[in-house]
Structures are given as structure tokens and as C-alpha cells.
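Written out below as C-alpha cells is the structure these notes cover.
The values are calculated or read from the model by the stated rules, or taken from the named source; none is laboratory data. Values in this document were obtained by computation on a predicted structure and should not be read as measured data. Cβ atoms come from the backbone with ideal geometry, glycine included; neighbour counts cover every protein chain shown.
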Amino acid sequence: MIERTPKKLRHFAIGIIVIGGALAALMAWRDHTIALYIFGLLALWGVLGAAVPVAISPLFIALTYIGLALGWVNTRLILGLLYFLVFTPLGLLFRLIGKDPLNRRIEKNAGTYWQDVSGRPYDTKHFEKQF
């Protein structure tokens, strides 16, 4: 559930005024005539939301759900690209050159795979604060 406290709605309204004003000013600087209409609409929403926060609640909810949907899509897209463009080629390259960074190869004549960590003094304090 989306939290719609009056304080959050006021902050959202102030954000509309500031960010919308900056975007409208940028558009006006680039000689877009629609900038004045956009600025007027955003100023109306912002002032209305700052005065009566409940009035901009539908806009807040709609933009929050749009943001959640965009975040969901972007996360899958970025992680998918990272997997297929970075990790898959690295895995294939490591297989081609025979590199095994995790030492997962099966050694048939090995008695054990235990790696002795000698040279480290046994201290119980080390187990209490490991990192």
C-alpha cells in the first residue's frame, strides 16, 4: 500500500513545483511556446497540493505506480543485459582458456578437498567479529 500522509503529499507538491518549474524554464529557454502552459499546469497542481495535500493524492498514486512499473522493467532489463553481455561471455572465455577461479575441478586422486589454513593463530575473538 502506498503511504499518503499529508507531509509526503506536500513534499510531492513542492517537488512538482521545483522540478516542473526547472523543466518549464529549460523549455522556455529553448523557445518552446508550450512551456508556459506546462508551467501553469504544474504551478496549479503544486500550489493546490501544498495548500490541500489530499487534492493531489490521485496524481501521486498514479505517478507512484508508473514509477514502480518503470523500476520493475528497468531492473529486469539491466540485469538481463548484464548477465548476457558480461557474465555469459566471461564464462565462455574462462571455459575456452581452462580457467577455474573457484577450484571446482574434480581431482580423482585427491583424498580430500579440504584446504588447510595454517599460519593463522586460533583466536576466539576472530569468530565474534568476522568482518
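Summary of values
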{"quantity": "Failed item, numbered, when Trp72 is tested on (1) surrounded by 14 or more Cβ atoms within 10 Å (Cβ to Cβ); (2) within 20 Å of the chain's Cα centre (by Cα); (3) over 16 Å from Val18 (Cα atoms)", "calculated": "(1)"}
{"quantity": "Out of Ile16, Ile66, Ile106, sole residue that is in contact with a helix residue (DSSP H, G or I) (Cβ under 9 Å, 6 or more places away or on another chain) and hydrophobic (A, V, I, L, M, F, W, C)", "calculated": "Ile16"}
{"quantity": "Members of the range 3-53 found to be in contact with a Lys or Arg (Cβ under 8 Å, 6 or more places away or on another chain) and under 22 Å from Leu68 (Cβ atoms), listed by number", "calculated": "Gly49, Pro53"}
{"quantity": "First in the range 87-104 and within 21 Å of Gln115 (Cβ to Cβ), second anywhere and among the acidic types (Asp, Glu) and surrounded by 10 or more Cβ atoms within 10 Å (Cβ to Cβ), Cβ under 7 Å, 6 or more apart", "calculated": "none"}
{"quantity": "From Leu36, Leu96, residue being modelled with pLDDT of 85 or more and part of a helix (DSSP H, G or I)", "calculated": "Leu96"}
{"quantity": "Extreme residue, farthest from the chain's Cα centre (by Cα), among residues of the range 39-59 that are of a type in the set (Val, Ile, Thr) and part of a helix (DSSP H, G or I)", "calculated": "Val47"}
{"quantity": "Qualifying position, being of a type in the set (Gly, Ala, Ser), in a helix (DSSP H, G or I), surrounded by 13 or more Cβ atoms within 10 Å (Cβ to Cβ) and on the phi < 0 side of the Ramachandran plot, among Ala13, Ala62", "calculated": "Ala13"}
